[in-house]
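Down below is the structure, laid out as structure tokens.
Here, each number is a calculation from the coordinates, and none is a lab measurement. Computed from a predicted model, the values in this text were never measured in an experiment. Don't worry about glycine lacking a Cβ; one is built from the backbone with ideal geometry, like all the others, and counts go over all protein chains shown.
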Amino acid sequence: MVNIILLGPPGAGKGTQAKRLVDERDMVQLSTGDMLRAARSSGTEMGKRVAAVMDRGNLVTDDIVIGLIEEQLVHPHGGGFIFDGFPRTLKQADALGDLMARIGQNIDVVLEIRVDDEALKHRIVGRYTCGTCGAVYHDENHPTRVPGVCDNCGGTTMKRRADDTEEALKTRMLAYYRDTSPLIGYYYAKGKLATVDGLAEMDTVAAAIAKVLDRT
């Protein structure tokens, strides 16, 4: 069992690689957004706290997120856990470390998926997905064979994320560099950091991640 954190800016491919790890290594992806949505509809005491905060239009506090994570971690899973989207700040990293120590678990490795900002902008601004099956395409790097028709399912509804624009990316990157990038040095100092090239082909990135995990 291996517990990992995926670090990298928006569009670096964290979600894609997390899905592969779930499929290939039977790991569990702990996505903050998914956990909050599940908690809100669960009817549990924690779920009621989440619903109350969200219904007021407030941000869910770190202690609630840590509580949701603890609910998952107390049920060990053979392949281990992937932390995707948490921690985002040094304060959250400290809180997660305290939780892991308290329940007798570890973060085994922190994978930084490193990308060049200009290449990342090109990747994000040009991408779109099939509205039917979710297959991902790109205006230049990977367009559909027939314009407007999904290679995978034949669907004809193509979608672009509202925040996949150059202006929105600037805002998201600013938040990443301000709040999250300090975690790279934080985990390097703890001897937990490994870095892979996020601009390589998806299979190459997956192979590099597998190599890190196999020696962990």
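A few notes on this one:
- Gyration tensor (alpha-carbon) shape descriptor, segment 134-216, a/c threshold 1.5: oblate
- Label assignment, percent of Cα pairs over 29 Å apart derived from the structure, set (i) 26; (ii) 36; (iii) 31: (iii)
- Report summary: the helix-based calculation at 222 nm, which adds -39500 (n - 2.57) for every DSSP H run with n ≥ 4 and divides by the residues of the chain, gives -13500 deg cm²/dmol.
- Stretching the chain fully between ASP151 and GLU118 yields a gain of 9.1 nm (0.36 nm per residue, less the alpha carbon separation).
- Peptides ranked, highest mean first, by Cβ atoms within 10 Å: ranges 152-165, 113-126: 113-126, 152-165
- Of all DSSP beta bridges in segment 83-216, antiparallel share, percent nearest 5: 60 percent
- Whether segment 175-216 is rounded, prolate or oblate, judged on the alpha carbon gyration tensor where a/c under 1.5 counts as rounded: oblate
- Peptides 61-70, 196-205, 132-141, ordered by how many other C-beta atoms sit within 10 Å of their residues on average, highest first, read 61-70, 196-205, 132-141.
- Counted by Cβ distance under 10 Å from ILE82, the other residues give a net charge of +2, where Lys and Arg count +1 and Asp and Glu count -1.
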